[in-house]
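Q: Take a look at the following structure, please.
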Amino acid sequence: MAKLVIHADQVQNKINKEIYGHFSEHLGRCIYEGLYVGEDSPIENVNGMRTDVVEALKEIRVPVLRWPGGCFADEYHWKDGIGPKENRKKMINTHWGGVVEDNSFGTHEFFELCRQLGCETYVNGNVGSGTVQEMSEWVEYITFEGVSPMADLRAKNGHEAPWKLDYFGVGNESWGCGGNMNPEHYANEYRRYQTYVRDYHSDSKINKICCGPNVDDYEWTRQVLATCFRRNNDNQHGFMNGLSLHYYTIPGDDWNHKGSATDFDEKEYYKTLNKAYYMEELVQKHGSIMDEFDPEKIVSLTVDEWGTWYDVEPGTKPGFLYQQNTMRDALVAGLTLNIFNKHSDRVKMANIAQMVNVLQSVILTDGAQMVKTPTWYVFRMYRDHQDAQLVESSIEAMPIGLEAEYSVPNLTESASVDADGVLHITVTNLSLDEAYEVETEITGKEVTEICGEILTGAMADKNTFEEPEAVKMAAFDGAQRTENGLKFTIPACSVVHLAVK
Ligand code: AHR
């Protein structure tokens with residue numbers, strides 16, 4: 001038996017919906033084929049965006065989308081992707097597979113995709129190989145209303161009105177593919193570049209994201225904040241609204257042996273979850289450095305790339321990073337989103353890598369076919385946490401696993417109360433063989449009705465084009481009211497969502 005305690009009246013803070021954000025890069029078949037097929041495609045589309053994929057993404061309420069990279073962002077020159085498509089420059093995507101990039105998906109297409117998804121926009125600018133002028137003109141092109149060279153060019157290209165730009169990333173992985181800079185150098189470049197990411201109108205506020213650390217590079221966090229964090233009496237954030245963190249869960253011990261997405265044993269299952277759970281330590285440690293500079297938590301720790309990274313699916317292009325997705329990935333997503341919820345005082349945005357056909361995708365496509373992955377179902381089950389109020393909760397967990405070095409907590413959880421007063425509880429059971437009875441004490445709320453849903457299966461269960469619904473969410477009616485709250489038994493290898501009225 002495990003005890004879960006929830007104080008429904010002890011509100012901590014809002015869980016920003018952007019924690020459930022996504023990332024899409026010009027990489028493999030994410031943008032081309034996965035999201036964008038072009039207007040002339042036989043695959044049903046609206047203005048080139050595939051209808052089946054857009055509909056599936058709307059179901060999980062994608063709150064924000066980051067684009068165009070990733071490493072691609074620091075090689076991307078936005079002017080190549082505007083104007084008549086037949087005149088757009090072709091280039092080689094040197095970073096990802098050496099394929100021809102015809103620039104048919106550019107700024108106008110990105111904002112059209114976000115319009116269809118009904119989500120916020122997060123554009124990542126080019127610091128590594130771009131200029132301040134290029135970056136500042138992109139912001140002007142997107143947001144300027146009135147007479148200006150870039151606003152005129154936008155209108156000439158068919159979009160008179162400016163778009164709403166919610167987030168702008170000033171470089172990506174500037175410590176690596178984005179220019180191999182050291183923290184002092186990047187921090188000074190950041191100060192300069194961000195100056196020209198202007199808010200042209202009082203009602204258009206661009207949140208600036210500064211390139212943060214790779215995994216556990218705490219020195220990067222400290223040095224960049226020392227140079228770039230400033231309080232500002234007007235807008236309270238000075239030079240930045242967010243500092244990014246990138247962390248991928250890689251079960252293997254090196255980049256050449258990352259491990260298979262589908263063919264793994266129990267040891268590797270627990271090792272993967274143990275590595276995913278490392279996110280807790282990263283968020284805490286980077287967060288406490290941020291606290292030294294920014295105790296009011298004005299700046300967000302923006303985990304704008306996270307997820308599993310395995311060896312590519314056999315027979316697919318190495319540079320395309322296409323991988324299958326199993327129940328193991330669902331548990332990685334479930335535990336990670338519980339961590340983000342619990343740290344949502346500091347983590348205000350996160351973007352899973354990547355949306356379609358690349359790394360830990362929520363959707364896979366093959367020609368006209370599409371499947372929702374186990375990870376998609378977790379985003380579907382957790383969607384009610386978006387913009388809800390995190391409430392105080394804790395669970396009695398114990399370490400499990402086959403090797404002490406790679407143990408994980410058997411159970412993880414988070415709880416929130418939405419605008420209608422409904423309490424949402426999400427719990428993961430990482431054990432492969434034990435079900436647990438969870439005795440749940442709830443204070444500050446009476447339990448009148450419980451609705452549940454569950455995602456469960458064997459660790460390597462997956463959805464394929466032949467069997468697209470082998471793993472899917474089901475109704476869960478195993479929770480019963482008790483004198484102090486409720487109780488339920490969570491099966492092994494499961495994610496459960498309870499909505500308590
Ligand atoms: O998501 C794949 C790559 O991982 C991104 O392009 C880069 O930012 C990171 O290293």
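Q: With N residues in the stretch 1-147, what two-decimal value do you get for its Cα radius of gyration over 2.2 N^0.38 Å? Walk me through the intermediate numbers first.
A: Details: Rg = 18.4 Å, N = 147, 2.2 N^0.38 = 14.7 Å.
With N residues counted in the stretch 1-147, Rg over 2.2 N^0.38 Å equals 1.26.
Q: Please compare each pair in LYS17/LYS501; LYS90/LYS462; LYS17/LYS271; LYS79/LYS258; LYS372/LYS501; LYS79/LYS208 to a cut-off of 32 Å on the Cα-Cα distance and tell me which ones are over it.
A: In this structure, LYS90/LYS462; LYS79/LYS258 exceed 32 Å between Cα atoms.
Q: Between GLU44 and GLU59, 0.36 nm times their residue separation minus their Cα-Cα distance comes to what?
A: 3.6 nm
Q: Which peptide among 355-363, 76-84 comes first, and what is the full order, when sorted by highest mean count of other Cβ atoms within 10 Å? Walk me through the intermediate numbers first.
A: Values: 355-363: 26.7, 76-84: 18.7.
Ranked by mean Cβ neighbours within 10 Å, highest first: 355-363, 76-84.
Q: Where does each of SER204, SER24 land when they are ranked from fewest to most other beta-carbon atoms within 10 angstrom? Mind showing how you got there, number by number?
A: Numbers: SER204 17, SER24 27.
The order, fewest Cβ neighbours first, is SER204, SER24.
Q: For the stretch 328-475, just run the numbers: alpha carbon Rg, then divide by 2.2 N^0.38 Å, N being how many residues it has.
A: Working: Rg = 16.3 Å, N = 148, 2.2 N^0.38 = 14.7 Å.
Taking N as the residue count of the stretch 328-475, the ratio is 1.11.
Q: Okay, moving on. Percent of Cα-Cα pairs per 10 Å bin, from 0 to the last occupied bin, for the chain, please list those.
A: 4, 20, 30, 27, 15, 4, 0
Q: Mind jotting down the three principal axis lengths of the stretch 99-253 based on Cα atoms? Whole angstrom, largest first.
A: 48, 45, 29
Q: Please report the antiparallel percentage of DSSP beta bridges with both residues in the stretch 53-174, rounded to the nearest 5.
A: Details: 3 of 11 bridges.
Beta bridges within the stretch 53-174, antiparallel portion: roughly 25 percent.
Q: For the stretch 408-501, what Kirkwood radius comes out of the mean inverse Cα-Cα distance, in Å? Kindly include the intermediate steps, with their values, before the conclusion.
A: Numbers: mean 1/r = 0.0705 Å⁻¹.
Roughly 14.2 Å, rounded to one decimal.
Q: In what sequence do ILE425, ILE395 fall when counting other Cβ within 10 Å, fewest first? Show your work: numbers first, answer last.
A: On the way: ILE425 29, ILE395 22.
Fewest-to-most ranking of ILE425, ILE395: ILE395, ILE425.
Q: Further question on the same structure: Which order do the peptides 426-434, 213-221 take when ranked by the mean count of other beta-carbon atoms within 10 Å per residue, highest first? Spell out each step's value before the answer.
A: Working: 426-434: 21.1, 213-221: 17.8.
Peptide ranking by packing, descending: 426-434, 213-221.
Q: Could you work out the percent of alpha carbon pairs in the stretch 1-84 separated by over 20 Å, rounded to a whole number?
A: On the way: 1892 of 3486 pairs.
Counting pairs separated by more than 20 Å, the tail of P(r) holds 54 percent.
Q: Based on DSSP, what percent of beta bridges with both residues in the stretch 253-374 are antiparallel, to the nearest 5? Please list the in-between numbers first.
A: Numbers: 5 of 9 bridges.
Bridges in the stretch 253-374 are about 55 percent antiparallel.
Q: Dividing the alpha-carbon radius of gyration of the stretch 185-291 by 2.2 N^0.38 Å (N being the number of residues), what value is obtained?
A: On the way: Rg = 18.3 Å, N = 107, 2.2 N^0.38 = 13.0 Å.
For the stretch 185-291, the normalised Cα radius of gyration is 1.41.
Q: What order do you get for PHE293, PHE110 when you list them from fewest to most C-beta neighbours inside 10 Å? Kindly include the intermediate steps, with their values, before the conclusion.
A: Numbers: PHE293 17, PHE110 24.
Taking fewest neighbouring Cβ atoms as first place, the list is PHE293, PHE110.
Q: Tally the DSSP beta bridges in the chain and give the antiparallel ones as a percent, rounded to 5. Don't jump to the answer; show the numbers that get you there.
A: Working: 55 of 93 bridges.
Here the antiparallel bridges make up roughly 60 percent for the chain.
Q: Using the Cα gyration tensor of the stretch 418-460, with a ≥ b ≥ c the square roots of its eigenvalues, what is the shape: rounded (a/c below 1.5), prolate (a/b larger than b/c) or oblate (neither)?
A: Values: a/c = 3.11, a/b = 1.98, b/c = 1.57.
Because a/c hits 1.5 or more and a/b exceeds b/c, the stretch 418-460 counts as prolate.
Bear in mind these aren't lab numbers, they're just calculated from the coordinates by the rules spelled out. Everything quoted here is computed from the prediction, not taken from an experiment. Heads up, the Cβs are rebuilt from the backbone with ideal geometry, glycines too, and the neighbour counts pull from every protein chain shown.
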